[in-house]
Amino acid sequence: MATIVDHQIRQLSRDMGLVEPFLSALVNPASYDVTLGSSILVENDNGHFTEINCSSEPFWMPPGAFVLACTEQYVRIPNNMECVFQLKSSRGREGYGHQLAAYIDPGFNGRVTLELHNSRRFAELPLKAGMRIGQLRFAKVDAVPMRSYAVTGRYQGATGAEESKG
């Protein structure tokens, strides 16, 4: 596999919409910073999720809380590439955690759902639309799959955070 670097991320975003909206300021040497979308799903008392909008006011995630969020950016992963989400190291140092369900298959199109939690014992952590939450690393795969995520995926075309579909 070959890692996709800064100038390739720029070119692929211009040519085929790899990342939209695309901002040059979010390009790193071998990754693209992604920001938090405005809608998050917060676990409630009965174990289900309630949708909350965090575009004007932050949602304060209590210690130990679990939420589903999504990237503001919509990604289009070509059939000859794969992608991995990683939490920004700054967010990790602040106490944010991610469940490591971070692999994005060839052929996926949509906003990436993030499984976030507050690892702090005593402090709440804010979730606000537009905050830099993670980064996407892209790589070319050695061969194009026979059936891409566009054919096999249950979350194709996601426009927001999505609960598990089993």
Table column - 3J(HN,Hα) (Hz), the range 31-41, Karplus curve with 6.51, -1.76, 1.60, x for Gly and Pro | 7, 10, 5, 10, 10, 6, x, 7, 10, 10, 10
List Ser55, Ser38, Ser31, Ser24 from most exposed to least, where exposure is judged by having the fewest other Cβ atoms within 10 Å.
-> Ser24, Ser55, Ser38, Ser31
In degrees from 0 to 90, rounded to the nearest 10, what is the angle of the helix 6-16 Cα long axis to the longest principal axis of the chain?
-> 80 degrees
Quick one: what are the phi-derived ³J(HN,Hα) couplings along the range 110-126, Karplus 6.51/-1.76/1.60 with θ = phi - 60°, whole Hz, x for glycine and proline?
-> x, 8, 8, 6, 10, 9, 9, 9, 9, 7, 6, 8, 10, 9, 6, 10, x
Please give the FRET efficiency for Arg154 paired with Phe22, using the beta carbon to beta carbon distance and R0 = 30 Å, rounded to the nearest 0.05.
-> 0.65
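Taking loop as defined by DSSP and a crowding limit of 12 other beta carbons within 10 Å, which trypsin sites (Lys or Arg not before Pro) in the range 39-139 fit? Numbers along the way, then the final one.
Details: sites: Arg76, Lys88, Arg91, Arg93, Arg111, Arg120, Arg121, Lys128, Arg132, Arg137; in loops: Lys88, Arg120, Arg121, Lys128.
Passing sites in the range 39-139 are Arg121.
With a cut-off of at most 14 other beta carbons within 10 Å, and DSSP calling the residue loop, which chymotrypsin sites (Phe, Trp or Tyr not before Pro) in the range 72-166 qualify? Please list them. Kindly include the intermediate steps, with their values, before the conclusion.
On the way: sites: Tyr74, Phe85, Tyr96, Tyr103, Phe108, Phe122, Phe138, Tyr149, Tyr155; in loops: Phe108, Phe122, Tyr155.
Sparse-neighbourhood loop chymotrypsin sites (Phe, Trp or Tyr not before Pro): Phe122.
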Only helices counted: for the chain, with every DSSP H run of 4 or more residues adding -39500 (n - 2.57) and the sum spread over all residues, [θ] at 222 nm is -3000 deg cm²/dmol
P(r), alpha carbons of the range 2-140 - 5 Å bins starting at zero, rounded % | 2, 10, 20, 23, 18, 13, 8, 5, 1, 0
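Using the 10 angstrom Cβ neighbour count as an exposure proxy, how do Ile52, Ile9 rank, fewest first? Walk me through the numbers on the way to the answer.
Values: Ile52 15, Ile9 24.
By the 10 Å Cβ count, ascending: Ile52, Ile9.
Read-outs throughout are calculated quantities, based only on the coordinates presented, and are distinct from any laboratory measurement. Everything quoted here is computed from the prediction, not taken from an experiment. Glycine also receives a Cβ, built like all others from the backbone with ideal geometry; neighbour counts cover every protein chain displayed.
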